[in-house]
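Have a look at the structure below before the remarks.
The values are calculated or read from the model by the stated rules, or taken from the named source; none is laboratory data. This structure is a prediction, so every number in the text was calculated from the model and none was measured. All Cβ positions, glycine included, derive from the backbone under ideal geometry; neighbour counts span all protein chains shown. Surface accessibility is based on the protein's heavy atoms, side chains included, excluding ligands, DNA and RNA. Shrake-Rupley method; radii C 1.70, N 1.55, O 1.52, S 1.80 Å.
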4 protein chains.
Amino acid sequence: MTRVAILGAAGYTGLELIKILLRHPEVEITALADRLEGQPHVATIHPSLIGRLDLRLETLTPAELAARAECVFCCLPHGVSATIVPQLLDAGVKVIDLSADYRLSDPETYAAWYNQKHPDPGRLGKVAYGLPELFREQIRGSSLVANPGCFPTSAILALAPLLKAGLIEPRGIIVDSKTGVSGAGRSPKLTTHYPECNESVSAYNIGRHRHTPEMDQILSKVAGEPVEVIFSPHLIPMDRGILTTTYSVPRREVTEDELFQTVRSFYANEPFVRVVPHLPATKDSLGTNFCDITVRTVRGRIVTISCIDNLIKGASGAAVQNFNIVYDYPETVALL
Amino acid sequence: MTRVAILGAAGYTGLELIKILLRHPEVEITALADRLEGQPHVATIHPSLIGRLDLRLETLTPAELAARAECVFCCLPHGVSATIVPQLLDAGVKVIDLSADYRLSDPETYAAWYNQKHPDPGRLGKVAYGLPELFREQIRGSSLVANPGCFPTSAILALAPLLKAGLIEPRGIIVDSKTGVSGAGRSPKLTTHYPECNESVSAYNIGRHRHTPEMDQILSKVAGEPVEVIFSPHLIPMDRGILTTTYSVPRREVTEDELFQTVRSFYANEPFVRVVPHLPATKDSLGTNFCDITVRTVRGRIVTISCIDNLIKGASGAAVQNFNIVYDYPETVALL
Amino acid sequence: MTRVAILGAAGYTGLELIKILLRHPEVEITALADRLEGQPHVATIHPSLIGRLDLRLETLTPAELAARAECVFCCLPHGVSATIVPQLLDAGVKVIDLSADYRLSDPETYAAWYNQKHPDPGRLGKVAYGLPELFREQIRGSSLVANPGCFPTSAILALAPLLKAGLIEPRGIIVDSKTGVSGAGRSPKLTTHYPECNESVSAYNIGRHRHTPEMDQILSKVAGEPVEVIFSPHLIPMDRGILTTTYSVPRREVTEDELFQTVRSFYANEPFVRVVPHLPATKDSLGTNFCDITVRTVRGRIVTISCIDNLIKGASGAAVQNFNIVYDYPETVALL
Amino acid sequence: MTRVAILGAAGYTGLELIKILLRHPEVEITALADRLEGQPHVATIHPSLIGRLDLRLETLTPAELAARAECVFCCLPHGVSATIVPQLLDAGVKVIDLSADYRLSDPETYAAWYNQKHPDPGRLGKVAYGLPELFREQIRGSSLVANPGCFPTSAILALAPLLKAGLIEPRGIIVDSKTGVSGAGRSPKLTTHYPECNESVSAYNIGRHRHTPEMDQILSKVAGEPVEVIFSPHLIPMDRGILTTTYSVPRREVTEDELFQTVRSFYANEPFVRVVPHLPATKDSLGTNFCDITVRTVRGRIVTISCIDNLIKGASGAAVQNFNIVYDYPETVALL
């Protein structure tokens, strides 16, 4: 039994974590933290939890969190997270960090894309990137895991087998993603106001989205040479789900069969990656920790389609998967 | 040709007014006003208007508006509207007021439901209520028209023929409305944040909604005796549209045929009310100024269903219909 | 461990049952049946189940089902179900029937509302109605349970405490329901074709919906006197969820506090009914077996709001709850 | 005044045509044809038209159509259209054909992509392609216009200026489109059943969609050299709208400024193309005949985003624009 706390529990990833962890037989949620006036009961903020969990959203210091929990799931915004995580680690707590703060290995890349100096640069490059399909062994022994971004999860899982096998050119890979609105978080703004984004599709942050360097970095590590993606996210009128379409140029002639074999064998033992022959819909993985992947050849290009639930495999489900690995619980506990 | 201005042009009713008025051959939009930093071009606020209208959203005094326009469509919030409208009228401008400020005839009722003293109480009770189907003659000669609320429009049009004919009990009428999210306006808030209200239905302000006294008042006038409604609005995951279901008790035995005859003859000459035999969907009147109505008898009760587009017949379309009446243009101009 | 089969596994309630039962530690799904060409793998029909369950959708006789399973969840259409269920029972299998065939106790009422003679009239009136909150003891010893309709579940749970306490008039109760589209099943038709029902609300089968006599019958049993509801379902553009608003007339003066006490004490020990002070949204119970209920007094009427997920508490979740009761498993297993 | 008929009036493009043409001061709709049992009134099939148009959907021969109308908008399925159109032309009627039958110039390409022999191969290659922005002069004198496909309209308008200017490589252009569900037509099927496609994104017909050769052909004509696109359509949970993202490789170094200048000057005099600096949403052009286009450079690639309403600029609006050109009416009549 592990006592866990959630820091930043008022948002969507916090809510999803609670729901998943309530199903975990080896977990006791002992504290929820967020900065809200009056330290409201969690069910006031998340009415779906009425009768499920009797905790308040408290304003807690790292020391107070450490007194109550062995492991903290940190759902704070980037920039803030890296000011708190070091204190938690110092207090002997393990941390699964859902922010972007520990994903990049280079402080200068972080500064360039996040427009701020990293608060804890010394740790960068030494933190396990929480994509078990690629880094399970590093995760296993870690006290801090950087949970991947939602778009990178969908793109990396699709492209890694092809890059690892040297089948595609590492430069100029097109990553065209379609995401539900929950990825934008729970703070109301005009772009996510219902009558603005409903019945509409739009692209945003083309070429400037902060998940770009994360994809570059992890895919470069996999490929063993510099990878550069052109990344375009699109906002779709649905709550949850990401479908990512990638387009790449093969390095040599390759059949669809060989591509499927490559991807299938890469994920042969993975409990949460499903390589499927049909074109998957995001609804197939909605509410699950699965990533569904397929691949096609079209006129000399390679096209992959991958689908995840952005709040689960793209955030809170992956976080629990990482937690299970860190604590040596069966990897799928609470996730099937 | 009439020169018109729109005050409060940054919201959804403002946008809809502009779109309708751009189709009006006898209208020139000469000014748009709202209080926005930097007085942005209207197409910056409403990208759908790019290339359609070359005006800025200016901060304009009533005097400045009067210098530019003969008629002002006032889309300000209640409470604010009644502080500006008197100045516009004094300056010789005609006003179609889309706020709630001049709909009620009694300042005390206003104070009780809107939690504030009315800024211009002397005018209450003397303003035409802009539902042409009931008050066309009063509207015709008016310099100020109080444009009806969206829910009242849907409920009153359904119930008026039955109350007028003395067919139903005036007390305890149930009005159960279902509305799209645009009715909540354009300011982002948690309840209208996409992932909160999408894939969900909820009731709000049951028994406390401010459109209640408006329905009571107008229906009482029609019935010639006090009418009291129990009004429950529900928020539906769609952009636009209101479907209102009413339940009432007949005063005597009455067949569906007689009910249809009553409603049909009441609206025989109305260009924007369609009495239909089937159960209408809000989509049938989406983007139009129509109100579709049907009626049923069920186990000794009378059920009506009425549908409108809340931004058109429920707001901006009705406003232009009123404008056409005031200025003696054919009533359907720009609305078909 | 209980071996179970699902008959009619290609539809939405079948899929939902599979998902819930896969989480049940005491259940083994041993057979899936439906009449599909080629007896396809379940994951071909429900791609979300890829990697979860390795069974085909077979065409199986009652005898074959009985050979493989101790309990059959029957998701066949009404009229068909009652031709198969007797054979299953004769073969010694227990049945949770999700169709409407065994809900009504009177063959003539069935014939009148379902336009067909009941195939197994002798059993009517002797079958437990699977609403544990009202009939737990009858369910416990049953070999056949009639799983309730989705609308009746939402309406009965809201009204039963008030009728039981004699607080409201039993005649003329208004039941105005709003449902997501999955309630219409998985067979494509024009009314549920996306561009027809999206961005639209409509009423259907007003006064003629087949769940009407079901509500009447169960509520009459609870009240101890004849209850008659006026039932209006409305189709809402969302996948899942039912919100039911009821309007009734109190028999004596009663405060909101007393109403809340009545409802709360009625459900004091129920694991899946949550009496809430706020106005619940269907999203609060989405994906769960909960029913959220609140109550209001408005101008001398009593208004209740209740929300369920139509596929869970309104169908497959309730079915598993009934299964747990019949087999004496803890009632919430696989449902939290 | 021109008398027009619509053949295939029961579908979405037929409905949209009717709505647009009802606003056209120089058009009289004299006949609606479709093959429906009982020749129902148009308002029975399209309830939104109640009170707007008093015609039946008749089963009419080409000769009967020719007797009633000077111009026929043909909304028949591909394959069928080319068996009727020749008879209409022979009878002296002008035709705007919304099917795919006359878009391709090569019967063999048609046979390869549409899996059938072309019924009227002799005419292929001689029919004006109804994209006024590229082929206005050919359209002007035509008695038959091939109205473009919805995806090709969005992709060609974005890419034509760049190909014409020789700025991008003509091979390997990625066209990633996102479309609302109405593009799939009005016949119910599982993929467009609400609970299947709502809250979900999926790709379909990747590399095999029939609009591929249409894009190739028109873009090749514009470029003066063979163009080949990799086309991936995606189904989005919304009624209407297409957003197309293209990715291409520049032939030489080029700035975003130069790209904007190229596109802007290409469309300088076009009433329905808006080159915008921001990333457009499909909602900006919803319900209009506009195509909004922007362009970006990202890591040495050129990205374009273009948005249209698939039923208007992608079908019925374009058809009326073509009609206006053919009949020498001002091009924007009924379309603003």
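Things to note:
- Carbon/sulfur fraction of accessible area - the range D:1-96, other protein chains in place, 1.4 Å, %: 51
- Exposure of residue D:221 as accessible area (Å², to 10), given a probe of 1.4 Å and all protein chains: 120
- Rounded Å value of the spacing that divides the Cα centres of the range D:110-144 and the range A:62-85: 65
- Fluctuation leader among D:67, D:319, D:128 - chain D, Gaussian network, Cα springs under 10 angstrom: D:67
- Rounded if a/c under 1.5, otherwise prolate or oblate - the range D:11-89, Cα gyration tensor axes: prolate
- Buried between C and D is an accessible area of approximately 1700 Å², summed over both sides with a 1.4 Å probe.
- In terms of its alpha-carbon gyration tensor, the protein assembly as shown comes out rounded; the largest-to-smallest axis ratio a/c stays below the 1.5 threshold.
- Top positive-direction residue, dipole computed over chain D with Cβ charges, set D:41, D:158, D:55: D:158
- Accessible heavy-atom area order of A:187, C:154, highest first, probe of 1.4 Å: A:187, C:154
- Top positive-direction residue, dipole computed over chain C with Cβ charges, set C:249, C:30, C:115: C:249
- Gaussian network model of chain B, Cα within-10 Å springs - most flexible of B:142, B:200, B:81: B:200
- Shielding score for B:42-53, defined as the mean number of other chain Cβ atoms within 10 Å: 4
- Relative to the dominant Cα principal axis of chain A, helix A:150-164 is inclined by about 40°.
- Chain B: angle of helix B:317-326 to the longest principal axis, Cα-based, in degrees nearest 10: 80
- Averaged over the residues of D:300-313, the number of partner chain Cβ atoms lying within 10 Å of the residue Cβ comes to 2.
- Total formal charge among the other residues, if their Cβ is under 12 angstrom from that of residue D:229, Lys/Arg +1 and Asp/Glu -1: -2
- Solvent-accessible surface (1.4 angstrom probe) belonging to residue B:255, in square angstrom, nearest 10: 80
- Placing unit charges on each Cβ (+1 for Lys and Arg, -1 for Asp and Glu) gives chain A a dipole about its Cα centre, and among A:238, A:190, A:201 the Cα reaching farthest toward its positive end belongs to A:201.
- Counting Cβ atoms of other protein chains within 10 Å of each Cβ in C:229-242 and taking the mean gives 6.
- In sequence order, the range C:235-248 has phi-based couplings of 8, 10, x, 7, 5, 9, x, 10, 10, 10, 10, 10, 10, 9 Hz under the Karplus curve 6.51 cos²θ - 1.76 cosθ + 1.60, θ = phi - 60°, and Gly or Pro positions carry x.
- For the range C:117-196: rounded, prolate or oblate by the Cα gyration tensor [a/c cutoff 1.5]: oblate
- The charge dipole of chain B, taken about the Cα centre with unit charges on the Cβ atoms of Lys, Arg (+1) and Asp, Glu (-1), comes to about 280 debye, rounded to the nearest 20.
- Helical runs (DSSP H, four residues minimum) scored at -39500 (n - 2.57) apiece and divided by the length of chain D put the mean residue ellipticity at 222 nm at -8500 deg cm²/dmol.
- Distance from the Cα centroid of the range A:224-252 to that of the range C:276-302 is 42 Å (rounded to whole angstrom).
- The charge dipole of the protein assembly as shown, taken about its Cα centre with unit charges on the Cβ of Lys, Arg, Asp and Glu (plus for the first two, minus for the last two), comes to roughly 0 debye.
- When the pairs B:178/B:221; A:283/C:19; A:126/A:221; B:19/D:19 are compared against a 20 Å limit on Cα-Cα distance, B:178/B:221 fall above it.
- Per residue, the accessible area of the protein assembly as shown comes to 33 Å² when a 1.4 Å probe rolls over the protein heavy atoms.
- Taking Cα centre as origin and charging only the Cβ of basic (Lys, Arg, +1) and acidic (Asp, Glu, -1) residues, the dipole magnitude of the range A:164-221 rounds to 220 debye.
- For residue B:1, inter-copy separations between label points set 7 Å beyond Cα along the Cβ vector come to 2.8, 8.2, 8.7 nm, shortest first.
- Angle in degrees between helix D:81-90 and the longest Cα principal axis of chain D, rounded to the nearest 10: 60
- Distances between copies of residue D:109, taken at a point 7 Å out from Cα along the Cα→Cβ vector and listed shortest first: 4.3, 6.7, 6.8 nm.
- For residue C:125, label point 7 Å along C-beta direction: distances to other copies, nm: 6.5, 8.1, 8.4
- Within a Gaussian network of chain B (alpha carbon springs, distance under 10 Å), most fluctuating of B:49, B:243, B:76: B:49
- Chain D, closest residue to the rotation axis toward A, by beta-carbon, whole angstrom: D:176, 2
- When the surface is traced with a 1.4 Å probe over the full set of protein chains, residue C:216 keeps roughly 20 Å² accessible.
- Sequence of D:104, D:336 from largest to smallest accessible area, 1.4 Å probe: D:336, D:104
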